[in-house]
Amino acid sequence: MGDPASPLAFLIYISDFNTTPHADDVILNGVPVSHLEHADDVVLFSTSEAGLQSKLDDLAAWASLNQMQVNLQKTVIMAFPRPYARTQLQKPQLYLYGQVLTISQKQAYVGVTFSTESSNLWDAHIRLCEKRARLAANKILFIESHVGSLPPWEGRLLYRSQIDPHLTWACEVTGCGTLKQLDRIEDVQHYFLRRLLGLQSRSQLCVLFSELDISPLRFRRLELQLRYTQHLLSLPADHLARCALDQAVVNARSRAHSWYAQLRSTCTARELQLSDAPTEVEIEDALSNLSDRVRQYVATAINSSAKLDLLQARRDFSTGRPRPVPVMQFRPYLRIASTELRHAVTRLLLSEHSLSVERLRWRDGRPYDIPREARLCRFCRTAVEEPLHCLFHCRSSQDLCTARKAFWSSLTRKLPSHWSLPDLRNLDAEDLFHLLLSVPTTVDILAALCARVMNIYETHPRFIPSLDDIADLSEDS
Ligand SMILES: [Zn+2]
């Protein structure tokens with residue numbers, strides 16, 4: 001109606017608007033719901049053309065009695081087919097003030113876009129969420145061209161405040177989403193988090209969640225939907241939103257299509273159980289189990305990866321004794337101030353580096369594969385060229401030895417009191433790496449070594465074994 005009055009004043013003004021009961025009214029758990037108002041945005045419902053025409057007539061009559069006029073240009077009709085209907089929906093013809101109203105296939109109400117353009121009601125809404133989230137992500141990343149690299153902690157704050165709201169907008173209503181819809185919005189999440197960590201566009205996904213402590217979007221959306229269900233269950237029985245939930249539960253019980261049936265099926269896919277008569281306590285349990293499922297999901301992905309051996313062996317040495325680390329946590333090494341050093345240690349830890357153990361996985365036009373044991377160090381050609389060998393073991397390059405000498409010398413000055421240099425020299429390379437990574441005073445020194453060593457390797461030609469070299473190695477082993 002386009003009235004400039006305040007929303008509250010308008011609600012008071014329109015509070016006596018009602019419609020005549022009709023046999024085709026929408027009934028939610030025994031309560032007829034034929035219209036909703038959000039300030040001056042009015043929506044009328046019915047399950048039939050005749051029922052809706054009767055509501056429109058009631059609206060026109062009320063408006064004329066109250067010196068109001070409905071804006072015909074902003075008034076549209078949407079016709080929704082029944083779920084899984086086999087017959088084509090007939091286009092209804094409805095009138096207001098004697099004029100035929102426009103039939104629309106897409107319309108937003110209270111910021112949620114409903115669309116009948118495709119078979120899924122929410123496709124257009126999800127496309128809009130994706131577009132807005134991508135725009136927000138690109139705007140944030142554009143800042144980098146003015147102020148330099150975005151530190152991960154600040155980037156994470158911006159993700160949660162500026163991008164996540166678009167990626168989860170109205171998911172309480174639309175549900176978690178189909179796989180195709182999730183693919184669209186998850187792509188934005190992955191794109192932004194990879195840029196934040198300085199990883200390439202095809203890096204493994206589990207590390208985005210384990211290192212930044214951000215949930216995969218499909219879990220995050222399910223969590224919000226469960227929290228909303230919990231809120232609905234706390235409402236009085238005659239609250240319209242509670243009536244809608246109760247009706248959805250009744251429909252699910254009779255195996256009919258419903259919002260609750262969909263939520264239950266999404267939960268089942270995550271090994272969470274919801275009953276035929278949900279309670280607040282039951283939802284609280286489901287939420288608690290869901291946070292376990294997220295961690296299991298990320299841990300399983302890390303442990304089953306053939307590339308993430310350094311992450312699989314990660315332990316926390318910050319208090320002296322080695323302890324297991326949380327599966328998901330904002331990692332201390334991401335607070336390294338220098339972008340170059342932070343990226344160097346991140347890429348080595350997450351197997352996104354250019355050492356042969358990773359790079360020779362790819363054929364790059366070669367007619368043969370190179371097994372892991374043949375991806376030898378370009379300097380010594382006796383060990384696999386992998387991070388720990390390059391950082392701490394290889395002695396076949398003078399540059400590497402010089403870098404390592406500088407590293408040990410810096411370390412002497414920064415060691416915490418409960419560690420001595422001989423203790424560290426006695427550790428195996430893997431433990432040494434994780435110890436230095438988990439102690440705030442030594443992580444910069446480790447990162448500097450990573451950057452220097454990677455630079456040395458990148459400036460020397462890689463050793464590419466021939467088929468004969470590979471055969472010789474197999475015979476030797
Ligand atoms: Zn070597």
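Throughout, read-outs are computed from the coordinates displayed, never taken from laboratory work. What you see is a predicted model; the values in this text were computed from it and never measured. We place every Cβ from the backbone using ideal geometry, glycine too, and count neighbours over all the protein chains shown.
Things to note:
- Here the Debye sum runs over all C-alpha atoms of the stretch 366-429 as equal scatterers in vacuum, and log10 of I(q)/I(0) at q = 0.21 Å⁻¹ comes out as -0.91.
- Within the chain, helix-based [θ] at 222 nm, where runs of 4 or more DSSP H residues each add -39,500 (n - 2.57), nearest 500: -15000 deg cm²/dmol
- Each Cα pair under 8 Å and six or more residues apart adds its sequence gap; the mean of these over the residue count of the stretch 323-466 is a relative contact order of 31 percent.
- Backbone HN-Hα couplings from phi across the stretch 378-395 [Karplus 6.51/-1.76/1.60, Hz, Gly and Pro as x]: 5, 8, 8, 6, 10, 10, 5, 7, 10, x, 5, 4, 5, 6, 10, 10, 5, 10
- Alpha-carbon centroid distance for the pair the stretch 26-75 / the stretch 227-293, whole angstrom: 30
- Least to most buried among Cys171, Cys380 (fewest other Cβ within 10 Å first): Cys380, Cys171
- As a rough footprinting exposure proxy, the listed residues Trp362, Trp259, Trp62, Trp408 were ranked by other beta carbons within 10 Å of their own, and the order from fewest upward is Trp362, Trp408, Trp62, Trp259.
- The region of the chain that goes longest without hitting one of the GluC sites (Glu not before Pro) in a DSSP loop, each with at most 13 other Cβ atoms within 10 Å, is 272-477.
- What the phi angles of the stretch 301-316 give under the Karplus curve with 6.51, -1.76 and 1.60, with θ = phi - 60°, is a coupling list of 5, 5, 5, 8, 7, 7, 9, 9, 5, 5, 5, 5, 9, 5, 9, 9 Hz, glycine and proline written as x.
- Within the stretch 257-375, the proportion of C-alpha pairs whose separation exceeds 22 Å stands at 59%.
- Largest-first principal axis extents of the Cα set of the stretch 155-256 (Å): 51, 27, 19
- Start at zero, step by 5 Å, and the Cα-Cα distances of the stretch 221-291 spread as 3, 18, 30, 28, 15, 5, 0 percent across the bins.
- Rule-of-thumb Rg ratio for the stretch 122-214 [Cα; 2.2 N^0.38 Å; N residues]: 1.07
- Interchain or long-range residues, amide H under 5 Å from Asp316's placed H: Arg323, Val325
- Relative intensity of the chain on a log10 scale, I(q)/I(0) at q = 0.07, 0.09, 0.13 Å⁻¹, equals -0.55, -0.78, -1.23, per a Debye sum over C-alpha point scatterers of equal strength in the absence of solvent.
- Debye intensity ratio in log₁₀ form over the Cα atoms of the stretch 288-447, taken at each q of 0.17, 0.19 Å⁻¹: -1.15, -1.35
- Each residue of the stretch 321-329 is assigned a 3J(HN,Hα), and the resulting list reads 8, x, 10, x, 9, x, 4, 10, 6 Hz, derived from the Karplus form 6.51 cos²θ - 1.76 cosθ + 1.60 (θ = phi - 60°), x at Gly and Pro.
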